[in-house]
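First up is the structure itself, then whatever we jot down about it.
Derivation of every value follows stated rules applied to the coordinates shown; laboratory data play no part. Just so it is clear, the model here is predicted, and its values are computed rather than measured. Cβ coordinates were reconstructed from backbone atoms using ideal geometry, including for glycine residues, and neighbour counts include every protein chain displayed.
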Amino acid sequence: MMIFNMLFVIIIMFIFGNLIFVSKHKHLLIVLLSLEFMVLSVFFFLLMFLSMINYELYMLMVFLVFSVCEGALGLSILVSMIRTHGNDYFQSFNLL
């Protein structure tokens, strides 16, 4: 019963992360935070699943390394966009 409750919470976390990603798509910082929230929910799901089947947890370390690299890359894009355009609105970012 406890596993189903945790799985329900993880699914709700992922759905809320997706809802924030879709509804607040004009700010890059909020989009990055919602992506990190979804990565955190996937991490919790992998932790629960891998510990439930008694598998090695090295995959979690690889997943954390990739998620940290993704977060650092997103923050560097955010900083460069704020330096060049002055804010993090997607509407002020011109691709031409």
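Observations, loosely collected:
- Per-pair calculated FRET efficiency, R0 = 22 Å: Phe43 and Ser76 via Cβ, rounded to 0.05: 0.50
- Rounded, prolate or oblate (a/c below 1.5 giving rounded, otherwise prolate when a/b exceeds b/c) for segment 2-92 by Cα gyration tensor: oblate
- Subtracting the Cα-Cα distance of Ile3 and Thr84 from 0.36 nm times their residue separation leaves 24.4 nm of extension gain.
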